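Taking it in order: structure first as structure tokens, then the write-up.
The values are calculated or read from the model by the stated rules, or taken from the named source; none is laboratory data. Here the structure is a predicted model, which means the values were calculated and not measured. Positions of Cβ are backbone-derived with ideal geometry, glycine not excepted, and every protein chain shown enters the neighbour counts. Surface accessibility is based on the protein's heavy atoms, side chains included, excluding ligands, DNA and RNA. Shrake-Rupley method; radii C 1.70, N 1.55, O 1.52, S 1.80 Å.
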Amino acid sequence: ATGRDGRHYWGYGGDFGAWMYTHDENFCCNGVVSPDRTPHPGLYEVKKVYQDIRFELLSTPDDILLKGRTKLRIHNEFLANNLADYALRYELLRGGVRVSGGDVKPVKCAAGSYADVTIDVDGFKLDGEEYLLNIYALQQAQHPLIPVGHDVAMEQFVLQEYCFVGNELPEGEIKIEKQDHWLAAYAGETAVLFNTKSGRIERYIADGRNVMSQLPEPWFWRAPTDNDWGEGLQRTCNVWRTNRRRVVDVAVEESSTHVVVRSTCELVDAPSLYTTTYTFMADGALKVEVEWQKQGEYVPEFPRFGMRMIFPMNYRNFTFYGRGPWENYSDRNESALLGIYEQSTDEQLFPYVRPQESGNKTDVRWVELTNDKGIGVRIEGLQPLSVSAMPYRSEDLDPGMTKKQMHYSDIEPRREVVLHIDLAQRGLGGDTSWGMTPHDPYRLWGDSYAYGYIVRPIAKSNN
């Protein structure tokens, strides 16, 4: 249908004057494809977990390094197809970038059995970078429903794990100015201003510009998904919609190479302590570390645990090293392979029939958000991150305590880019959409959480 403003939307139960009749809202079109057969991100996950070819890595990284080859076991779980019907291909990635690849010698393997293959791997080293091996099984002959070259199965193996940034301090010297309850620190063309009474960061400037339109703040809420509505998360976790904090302690450490400002707050609406530690370093980078500790007897689980920051609307270039290219979540990311992806923030929100949480990326190592001149910011995780970047706030996608008759055409993009840098987000679930929660490993109901990341401005002088 077309709205009054000319924007397209898909109608569902309750539309077209039928609101007074019994209906099941958008559940009538809540599958893994849109009404026009556009695949939902979840369809790629279905394809991955249903694939009938499984890959098993038999070699260790040391074996590969010494012999220059790796051994794989391929399990044929088809009922009739022979593996000879499929072309095999591999690629080796270093730090998310392809360094080699090619075809694998075809293998004959009857349905219900397995075969071992050897792949000559060119370019694998133990040089501190992460190395990934991708293997694909591709359709080799024309099929009425499957085109030649279509990947019917894939797998990714980590040969050498990613080395996350540590606690090393860069060389250099910073200058400090203090007045009343303010502290300003300067590192070349980069400066930061702290309120030493509240422990908050008030300004972060690089090359004469604000690094962000809105500096990082704790953020725990996500716009409820259809599954969230089915289990009543909008009620049971409602406390995390608010973000009220009361400062209980602030500590400042100064040196010629760095400044540390640590503030501990009490979360007013959920009895717990939240500590943020900012470390401004001599190269102009800002390290942000967070710790949370439950205090009350009953504190509901988090929909997400992280921070939100906001950038100018022209910071549309979204590059990340993590799982992609489509959106993925902790319990729905097997189909999203690790790699470096270059996207636009304007394409992150998937147009579900009813607006809801969307656009997340898991296992992110680093992310860059820049304008067309290459000016922006790079954020590196101290551990894997969960990230999203789009011109919408979670409030825009959240109808409140009751489900409303919302459509994709009802929400307007903001003139800003909203970046979430999270430790994790609650899983999506899906065993049912009428009461079942996500499985326990994908729920955020621990008594404590901690994570961190480093912000590095990308200024004119860096280009």
Unique residue being closer than 29 Å to Thr60 by Cβ, touching a helix residue (DSSP H, G or I) at 6+ places or on another chain (Cβ under 9 Å) and open to solvent by 20 Å² or more (accessible area, probe 1.4 Å) when the list is Val152, Val121, Val165: Val152
Only one of Glu334, Glu327, Glu342 that is touching a residue at least 24 places away in the same chain (Cβ under 8 Å) and in contact with a Gly (Cβ under 9 Å, 6 or more places away or on another chain): Glu327
Return the pairs, sorted by first residue and then second, in which the second residue is surrounded by fewer than 13 Cβ atoms within 10 Å (Cβ to Cβ), the first residue lies in segment 147-169 and is part of a strand (DSSP E or B), the beta carbons are less than 7 Å apart, and the residues are 6+ apart or on different chains. Gln160/Leu126
For residues that are at pLDDT 95 or above and of a type in the set (D, E, K, R), tally how many sit in segment 396-424. 6
By residue number, the members of segment 266-279 that are within 26 Å of the chain's Cα centre (by Cα) and either over 19 Å from Trp445 (Cα atoms) or open to solvent by 30 Å² or more (accessible area, probe 1.4 Å) (or both) are Leu273, Thr276, Thr277, Tyr278, Thr279
Only one of these conditions is not met by Phe78: (1) assigned to a loop (DSSP other than H, G, I, E, B); (2) open to solvent by 70 Å² or more (accessible area, probe 1.4 Å); (3) touching a residue at least 12 places away in the same chain (Cβ under 8 Å). Which number is it? (2)
The condition of being free of Cβ contacts under 8 Å to residues at least 24 places away in the same chain, more than 20 Å from Gln160 (Cα to Cα) and open to solvent by 50 Å² or more (accessible area, probe 1.4 Å) holds, among Tyr44, Tyr50, only for Tyr50
Quick one: count up the residues across segment 326-351 that are part of a loop (DSSP other than H, G, I, E, B), charged (D, E, K, R) and under 13 Å from the mean Cα position of the chain (by Cα). 2
Of the residues in segment 407-423, those that are aliphatic (A, V, I, L, M) and open to solvent by 30 Å² or more (accessible area, probe 1.4 Å) come to Leu423
Residue within segment 205-224 that is within 24 Å of Tyr451 (Cβ to Cβ) and over 24 Å from the mean Cα position of the chain (by Cα) present: yes
State yes or no: is Thr38 closer than 24 Å to Asp331 by Cα, open to solvent by 40 Å² or more (accessible area, probe 1.4 Å) and not hydrophobic (A, V, I, L, M, F, W, C)? yes
Return the pair list, or none, for Cβ contacts closer than 7 Å from residues in segment 95-118 that are surrounded by 12 or more Cβ atoms within 10 Å (Cβ to Cβ) to residues that are of a type in the set (Asp, Glu) and not in a strand (DSSP E or B), at least 6 apart or on different chains. Gly95/Glu129; Gly95/Glu130; Ser100/Asp122
What's the total number of residues in segment 280-290 that are open to solvent by 10 Å² or more (accessible area, probe 1.4 Å) and closer than 19 Å to Leu423 by Cα? 2
Looking at Thr402, Thr362, which one is β-branched (Val, Ile, Thr) and open to solvent by 70 Å² or more (accessible area, probe 1.4 Å)? Thr402
Do you know which residues across segment 265-320 are of a type outside the set (Ser, Thr, Tyr), within 30 Å of Lys175 (Cβ to Cβ) and in a loop (DSSP other than H, G, I, E, B)? Ala282, Asp283, Gly284, Ala285
Taking segment 291-350 on its own, how many of its residues are open to solvent by 10 Å² or more (accessible area, probe 1.4 Å), touching a helix residue (DSSP H, G or I) at 6+ places or on another chain (Cβ under 7 Å) and closer than 30 Å to Ile135 by Cα? 7
Among the residues of segment 170-191, the number that are in a strand (DSSP E or B) and either under 13 Å from Val260 (Cα atoms) or open to solvent by less than 40 Å² (accessible area, probe 1.4 Å) (or both) is 7
If you go through segment 221-265, how many residues are touching a helix residue (DSSP H, G or I) at 6+ places or on another chain (Cβ under 8 Å), under 14 Å from Gly427 (Cα atoms) and either exposed (fewer than 15 other Cβ atoms within 10 Å of the Cβ) or not small (Gly, Ala, Ser) (or both)? 5
Would you mind stating whether Asp63 is modelled with pLDDT under 95 and either open to solvent by 50 Å² or more (accessible area, probe 1.4 Å) or in a strand (DSSP E or B) (or both)? yes
Residue count, segment 120-146, condition outside any strand (DSSP E or B) and among the aliphatic types (A, V, I, L, M), comes to 5
When residues of segment 3-35 are limited to those that are touching a residue at least 24 places away in the same chain (Cβ under 8 Å) and exposed (fewer than 13 other Cβ atoms within 10 Å of the Cβ), the one farthest from Ser113 (Cα to Cα): Asp5
